[in-house]
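The values are calculated or read from the model by the stated rules, or taken from the named source; none is laboratory data. Here the structure is a predicted model, which means the values were calculated and not measured. Cβ atoms come from the backbone with ideal geometry, glycine included; neighbour counts cover every protein chain shown. Areas reflect the complete protein model, heavy atoms only, side chains present, ligands, DNA and RNA absent. Shrake-Rupley method; radii C 1.70, N 1.55, O 1.52, S 1.80 Å.
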Amino acid sequence: MRQFAVIGLGRFGMSIAETLASRGAQVIAIDRDEEKIADMADVVTQAVQLDATEERALRSVGIQDVDVAVVSVGEDIQASILITLQLKELGVKHVIAKALNAMHGKILRKVGADRVVFPERDMGIRVAQRLVTPRILDYIELSPTHSLLELVAPHAYEGRRLREIDLRPKYNVSVVAIKRKVPRITSKGDTEFAEEVVVAPSSEEQLVKGDLLVLLGKSEDLERLRDLE
Amino acid sequence: MSGEEQPENGVKKVTELIEMGKFYFLNQCYEQAIEKYTEALDLTPNDPDIYYNLGIVYESINRLDEARQMFEKAVDMKGDFEAAREHLDRIVGI
């Protein structure tokens, strides 16, 4: 079973640790704050209060044996850099570090972070994109050139089959999945909908009102979809 | 005397409108469902269930701002409305 360590239990670190644990992973959660450790004690495999900038302390919990360590300390940039450095020196294979700004991210990479994430910046971009184009619900960069995009199907597509719409010929993007809400009545008589995902839909698949299209393509091609009505 | 009959008729009308709204929703006739629920709300503006049902229709067709407003009203009127709260949390969370 894969082993993870999460160092720094702010909101970001806490939600990573909780999600990993809920998926059945072994998680060591580390923080300086005793209260936070007490909160996580029942959630993760092991919750330890220690100063992660100290190599000895890290070694004492066997951090060198985890597969992935996430450094999610909050405001203390110096601590986050030191911890990242220690982890790599101790031989942790994969270190993911949270950066507060571009310079912080640069330094984290220099000291060996395998991946640097900017959760606040990324969330900011997502929220802004949704505000500018409400039709686009999500946008994930897969590589510098390609992205995945979740788009509310335009009215003009309703009732038509995939082969009849112009996504591929005109925009050069592929429909990799359709998220569909199917209306139903619960046993209590309330209305509700079930969410269905049609993965790799055939060209005969007919679109209905409310469908969300998950599209894959070059970022520049996807960008042009923003103008779809 | 007629005063006694009217509220009863009103209740019957609202129940009918809600049933029609549900029927249209189940048949994916979302615009008609919205119409019926809105008519029902004109008659009984304080029914959290109608707001909830209307929220479900809006959410189904990705009109999320309107869906959010409906769920908010449902939760405001009935604090322990779990289903409405779940939908609201999810919409706000995305």
Response to the item:
Within the range A:139-171, residues assigned to a helix (DSSP H, G or I) and more than 14 Å from chain B (Cβ to nearest Cβ) come out as A:A156, A:L162, A:R163, A:E164, A:L167, A:R168, A:P169, A:K170, A:Y171
Worksheet item: Which of the residues that make up the range B:69-91 are within 12 Å of chain A (Cβ to nearest Cβ) and over 20 Å from B:L17 (Cβ atoms)?
Response: B:F81, B:E82, B:A83, B:E86, B:H87, B:R90, B:I91
Worksheet item: Do you know which residues across the range A:64-108 are without any contact (Cβ under 8 Å) to a residue 40 or more places away in the chain, open to solvent by 10 Å² or more (accessible area, probe 1.4 Å) and in a strand (DSSP E or B)?
Response: A:H94, A:I96
Worksheet item: If you scan the range B:54-94, which residues turn out to be open to solvent by 20 Å² or more (accessible area, probe 1.4 Å), polar (S, T, N, Q) and under 24 Å from B:V14 (Cα atoms)?
Response: B:Q69
Worksheet item: Quick one: B:F71 ticks every box in (1) free of Cβ contacts under 8 Å to residues at least 12 places away in the same chain; (2) touching a His at 6+ places or on another chain (Cβ under 6 Å) bar one, so which box is it?
Response: (1)
Practice prompt. Could you please find all residues in the range A:33-63 being part of a helix (DSSP H, G or I) and either open to solvent by less than 60 Å² (accessible area, probe 1.4 Å) or touching a Pro at 6+ places or on another chain (Cβ under 7 Å) (or both)?
Written response: A:I37, A:M40, A:A57, A:L58, A:I63
Response to the item:
Pairing a residue in the range B:50-66 that is within 9 Å of chain A (Cβ to nearest Cβ) and without any contact (Cβ under 8 Å) to a residue 12 or more places away in the chain with any residue that is open to solvent by less than 20 Å² (accessible area, probe 1.4 Å) and part of a helix (DSSP H, G or I), where Cβ atoms lie under 7 Å and the two sit 6 or more apart in sequence or on different chains, gives none
